[in-house]
Each structure stands twice: as C-alpha cells, then as structure tokens.
1. At a 1.4 Å probe radius, which order do F271, F49 fall into by accessible area, largest first?
2. What residues qualify as long-range amide H neighbours of D186, i.e. H under 5 Å apart, gap of 5 or more or another chain, H built at 1.01 Å from N?
3. Work out which helices of the chain, taken as complete DSSP H runs, extend at least 24 Å along their axis over the Cα atoms and score a mean Kyte-Doolittle of -1.0 or more, then list them.
4. Which stretch or stretches of the range 217-248 have amide N atoms under 13 Å from the point lying 7 Å from K116's Cα along the Cα→Cβ direction?
5. What whole-number distance in Å separates the alpha-carbon centres of the range 182-244 and the range 40-105?
6. Total Lys pairs in the chain closer than 21 Å by alpha-carbon, pairs eight or more apart in sequence or interchain only?
7. Taking the full set of protein chains and a 1.4 angstrom probe, give the accessible area of D289 in square angstrom, rounded to the nearest 10.
8. When the chain is fully extended, how far beyond the present Cα-Cα distance does L66 get from R134, taking 0.36 nm per residue of separation?
Amino acid sequence: MARVSVVGAGAWGTAIAKVLAENGHDTRVWCLESELKASINERHANGLFLPGVELPASLVATNDLLEAVEGMDLVVLAVPSLFLLSVARKMLGARSIMEGRTLIAVVTKGFIETEKGPRLIVETLEDYLPGFYRGNLVYVSGPSHAEEVARGRITGLAAASQNGRNAIRVRELLQNRYLLVFPSLDVTGVQVAGAVKNVIAIAFGMLDALKADSPDFGDNTESMLLAAGLNEIMALGRALGATHPETFTSIAGVGDLDVTCRSIHGRNRRFGREIIEKDILAPFSGLGDLIARIKEIGYLPEGAVAVSHVMRLAEERKVPMPISAGVHRILDRKVAPTDFIKSFLQSMSGRQSGLGE
C-alpha cells in the first residue's frame, strides 16, 4: 500500500482519488472548499463536482495543502491550468517535495502562461520544482471522462515521462480491472494532444448544434472536422518537439480527441453547443473578458483558456491551424460561429489533403 494524494477535488481529481483509494492505497484529496471537505469526509460524496458517485470511506479530504502532500509516495496534480503554478509553488513548503522523495504526476490539460509566453505544463513545473524533478515528472492523459471512470467504465490512459520507470510506477498505482494505463516516453506529444483537443472540441460542439437545423451538416461533416482537428494537433505537436508519431494515433491523440468531441460529458463540446444554442458569448466583449469572468459560465471549458496559447505557439512556429484560429476569433467576438464553420468547410475543398493543411 502506498501513501498517495490528489491535489484538486474537481470531477477528474475526485475520480482519480477514488481509483487510488479503491486500489487499496492510503489516499488523501486536497480541496479549497470547507463544505466539500466535510461532504467527502462525512457523506463520502462530492455533489459539487461529481454528483451521484459514492466515494470510498477511506478517502480523506483536507483543506491544508501541505498536510495533503507531505510524506506522500505519489502526488497527483489535478487543479485547472489557470491555478496550477500557484499551487505548485505552495507545495514547496513540504520537505518531501523539496527533497524530491515524492513522485509527482500531472493530469491537468492545457498550457501555462509564463514570462516567456505560453509553455507546456511539465516543462513549466520543472522550472519551479526542485531539480530532482527535471525529467522525472509523469504526465497522465487520455480519453477519460471523470463521470465514467468514477463508475468503473473501462478506460485507457497514457502515462508519459522521460523516466520510463516513473511512468511504470504510476501505472502500477493507478491500474486496475477497468483503468488501463500505458507507459509513454513522448511527454510533449501527449501534452499537446491533451491540450489542443479541447479547442477542437469547441468547434465540434458548434458544428453539432448547427447540424440540428441545417441540411448542409451531418455526421460525415463532423468526421471531416475531427480529422482536420487531429491534423492540427499533430502539426503543432511536431513543431513543439513530439518524439513519437504514434502518440497521435493512440489513445492520447485520436482517442482523447474523439471522446472529447462526441461525449455528452465533454465540457468543451457543451460550451461549443451553447455558443450556438444559448448565445453564451453574448455577455462578454471578447476573449480576455471571457477568461476574466470564466466562472460565470458555471463550468470550465479548458479549450477557451488554451486557445490563445495555442495560437501564439502556432504563430511563433508558423504552423497553420485554421480550426483553432477560427475558435479564437469566435471567442474574441471577431466572427460569427456560423460564418466561420461554413467558410472553413468550403475552404477545405481546395486543400489537396482534405485534412486542413
């Protein structure tokens, strides 16, 4: 039995904590809300972020971050990308972190804004954590909606690290009869796939909503958009240094993209649909205003946070990403969603690849 902790009690963090506790590990979960701590410890439920799921009685919640991480064999970071760096800095008060005795895994998807511009999560954390962690962090991603993992639906994840032994260690701690974990050495590719697919899913959600009222759009159209989106993910991944092409044709790439675009549980797909169905962008003047007031949405569509980072990285490396660029313009209130979707699909007929290049 290992001592493990999950930092962040959102839906995904809670699902991961449930898995670890059910696997027989001494498991803690850190959350900000005192009422959520009480709910997990006393009622064994997280009705705020993962309703309808009974949590193991052995799972212990705490509001004290240092208490959550001190002396752990494994710490899993599961807070949103907007807050990840500030939480990681506070963890430095734990002796076991400062001495590099605790294995750290990350399940957060997206990018982090730094003084050097947007950067991938793992390389950014490596700059703030003690030097022991450089090349030793483990990034976990894949087609894994929390609602299904928490209910024992068979799911596959990739655990990526430059240190293959650490990736295998995380697999040993997480894997069980319904959660399959596959080690990977392509830390960059897995991160890019996990971040950019949220942007593509916003576009997919908009198209899905438009499909209901337009004779021009159907399942075939959505598959074409999904394929073009995968092409954008691969292009940016290669530009940023992804090492294994098969990353993008595996669960970390096409698998995660497919479930994020098509599942009813997907927040980014939901956000895209609500842009059309509820005019959810109407209260916001542009993307900056949307990010500043993102809590007003009622849930966090990570693609809305990631899209500006994606575009800056794409522009720096001269990678054409028309879907991501369109989502960026829509969220910035520069173009109407219907106009972009139609013009993008029409423009694809002039591309030889048919995949958005």
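1. On the way: F271 0, F49 85 Å².
Most to least solvent-accessible, the answer reads F49, F271.
2. Under 5 Å from the amide H of D186: S161.
3. Details: long enough: 187-211 (36 Å, 1.24); 219-240 (32 Å, 0.46).
Qualifying helices, which must be both long enough and hydrophobic enough, are 187-211, 219-240.
4. It comes to no residues whatsoever.
5. Here the two parts' Cα centres lie 30 Å apart.
6. Qualifying lysine pairs in the chain: 17.
7. My reading of the accessible area for D289 is about 40 Å².
8. Values: separation 68, 0.36 × 68 = 24.48 nm, distance 2.15 nm.
Residue separation times 0.36 nm, minus the Cα-Cα distance, leaves 22.3 nm.
The values are calculated or read from the model by the stated rules, or taken from the named source; none is laboratory data. Fair warning: this is a prediction, and the values are worked out from it, not measured in the lab. Every residue, glycine among them, receives a Cβ derived from its backbone with ideal geometry; neighbour counts consider all protein chains shown. SASA here: full protein model, heavy atoms, side chains in, ligands and nucleic acids out. Shrake-Rupley method; radii C 1.70, N 1.55, O 1.52, S 1.80 Å.
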